[in-house]
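See below for the structure under consideration.
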Amino acid sequence: MLEALMKIFGKSEKTKDIARKRLQVVLIHDRANISPEVMEHLRDDIIKVISNYMEINQQDMEISLANDSDSVALVANIPVQKMKHDASIHR
């Protein structure tokens, strides 16, 4: 019944997908000592900027921080649906 209500109100993400995303946020926080709120703001800002130049699939977008002993890297997997032809006007 809950799944039917979620479909009616536009929520199509499954519980396992939501749990996976939450776990990713927790792992990112632990690895880089960055709060989940900061990561969410970073994700939102990246979406805003990239959306000026291309249409992206935000649901399948993955952003994470990877670290080794002496550095941290921002890793982004952003599915691009198509480029916007008028991207030069956003500069």
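The values are calculated or read from the model by the stated rules, or taken from the named source; none is laboratory data. From a predicted model like this one, the values you see are computed outputs, not experimental measurements. Reconstructed Cβ throughout: ideal geometry from the backbone, glycine too, with neighbour counts over all protein chains shown.
A few comments on the model shown:
- All positions within the range 34-71 that are out of contact with any helix residue (DSSP H, G or I) (no Cβ under 6 Å at 6 or more places or on another chain) and aromatic (F, W, Y): none
- The single condition from (1) under 18 Å from the mean Cα position of the chain (by Cα); (2) at pLDDT 85 or above; (3) surrounded by 12 or more Cβ atoms within 10 Å (Cβ to Cβ) that K84 fails is (1).
- Within the range 59-71, the set of residues being of a type in the set (A, V, I, L, M, F, W, C) and surrounded by 13 or more Cβ atoms within 10 Å (Cβ to Cβ) comprises M61, I63, L65.
- Residue in the range 45-58 that is surrounded by 11 or more Cβ atoms within 10 Å (Cβ to Cβ), modelled with pLDDT under 70 and not in a loop (DSSP other than H, G, I, E, B) present: no
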